[in-house]
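Let me begin by presenting the structure, written as structure tokens, before commenting on it.
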Amino acid sequence: MQASTLTALKELALHCARSAGELSLARMKQPFTVEYKTSASDLVTAVDKEVEKHVVETILRHFPDHGILGEESTFAGDPRQFDTLWVIDPIDGTTNFVHQQINFSVSIAVYHKGEGLVGVVYDPSRDEMFYATKGEGAYLNDQPLRLERQVKLEEALLCTSVFWNKRAEQIGIDLIVKKLAGKVRGMRLLGSAALEMAYVAAGRLDGYVSLSLNAWDFGAGRIIVEEAGGRVTTMTGSPLPFDRKSSVMACNPAFYEELQHYLNLTENDMADNGAT
Ligand code: 2AM
Ligand code: CA
């Protein structure tokens, strides 16, 4: 890929994230409809749908042959049929958007033949733009992000998500809540996976572990953490997929090995529990 193409992708991703965030903020001030997707704890609003439509139209106007994997899009085909795939979540943390009006984000990633090229996570309520381009480092509002502090596992502040997949719940409760929370300095749960991963890159959190996330929840955050010098894999240490559900472990590199060893989770443990 040419450097000029990479720059064009980055610029468009930043533009889309900012305009999507501004649209969410504007719509938040007016009444909007909230629907249940699968249950009362799985929400979608008219704003999620409108913002995603706006982002998709903007991308396809510039790059009509690119693919899009978006949370609210009814995507019928195989995402791998496209060389270049945009993985987007118009509002990551919809429940926070509805209840708190803070702690939600726009997440936009660009993958080319499975390789993460651009990741952008924008928090419109605080006007914080986290972004990274492959090989060019990670930034928060143009300030470089670099995970240079040597953090020990017992000094780490970690974050997790609720355990969406019922069958993954047991691993979540046994390993993350009971075992890990007692080992580290503290555990948090903010409710936007993309933002939590961006915070790992920024050193506000030292690590993020979660089961059963969707590709659009971690697609951008993963690139930002890696470009900041962090480690990102599944919870069993495998490379993260870019186009399907997965568990996620993203953290300061100083304790990554110790954390993997401490959890000692095998692919069989995951499979036995139907977890990802
Ligand atoms: P969302 O708000 O875009 O749905 C909350 O802890 C995190 O989990 C958010 O990133 C949220 O994304 C995501 N999430 C919500 N429902 C989910 C589900 N059923 N499966 C996986 N992730 C989900
Ligand atoms: Ca969403």
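Values in this text are rule-based calculations from the coordinates and carry no lab data. On a predicted model such as this, the values are computed, not experimentally measured, just so you know. We place every Cβ from the backbone using ideal geometry, glycine too, and count neighbours over all the protein chains shown.
Quick notes
- Pairs from Lys29/Lys53; Lys49/Lys245; Lys10/Lys183 whose Cα-Cα separation, in the structure shown, is over 29 Å: Lys10/Lys183
- Couplings 3J(HN,Hα) of region 151-164, computed from phi: 9, 8, 4, 6, 9, 7, 9, 10, 9, 9, 10, 5, 9, 4 Hz, in residue order, whole Hz [Karplus 6.51 cos²θ - 1.76 cosθ + 1.60, θ = phi - 60°; x for Gly and Pro].
- Choice from Ala46, Ala109, Ala20 with maximal GNM fluctuation in the chain (Cα, 10 Å cutoff): Ala46
- Under the criterion of Cα pairs below 8 Å and six or more residues apart, the relative contact order for region 206-276 equals 39 percent.
- The string of couplings for region 46-58 from the Karplus curve (6.51, -1.76, 1.60, θ = phi - 60°) is 4, 5, 3, 5, 5, 5, 4, 4, 4, 5, 4, 4, 5 Hz, one whole number per residue in order, with x for Gly and Pro.
- DSSP-assigned coil residues among chymotrypsin sites (Phe, Trp or Tyr not before Pro) in region 45-107, each with at most 15 further Cβ atoms within 10 Å: Phe75
- Relative contact order for region 3-145: 20 percent, from Cα pairs under 8 Å spaced at least 6 residues apart, divided by residue count.
- Reachable lysines from Lys178, criterion Cα separation under 21 angstrom, eight or more residues apart if same chain: Lys152, Lys166
- Length released on extending from Glu22 to Arg149, taking residue separation times 0.36 nm less the Cα-Cα span: 42.4 nm
- Interchain or long-range residues, amide H under 5 Å from Arg188's placed H: Leu158, Cys159, Thr160
- Value of relative contact order over the chain, rounded to a whole percent, pairs C-alpha under 8 Å and six or more apart: 16 percent
- Positive minus negative residues near Asp206 (Lys, Arg vs Asp, Glu; Cβ under 10 Å): +3
- Distances between placed amide hydrogens fall under 5 Å for Glu128 paired with Asp123, all partners being 5 or more residues away or on another chain.
- Per-residue HN-Hα couplings for region 64-71 [Karplus 6.51, -1.76, 1.60; θ = phi - 60°; Hz; x = Gly/Pro]: x, 9, 7, x, 9, 10, x, 4
- Relative to the globular-protein estimate of 2.2 N^0.38 Å, the Cα radius of gyration of the chain stands at 0.95.
- Here the sum of -39500 (n - 2.57) over DSSP H runs of 4 or more residues, divided by the residues of the chain, equals -9500 deg cm²/dmol at 222 nm, to the nearest 500.
- Loop GluC sites (Glu not before Pro), region 1-42, which have at most 10 other Cβ atoms in a 10 Å radius of their Cβ (DSSP): none
- Neighbours of Thr234 by Cβ distance under 13 Å: Lys/Arg scored +1, Asp/Glu scored -1, total +2.
- Span from the region 89-152 Cα centroid across to the region 1-50 one, whole angstrom: 13 Å
- Dipole check for region 153-272: with +1 at the C-beta of Lys and Arg, -1 at the C-beta of Asp and Glu, and the Cα centre as origin, the magnitude is about 300 Debye.
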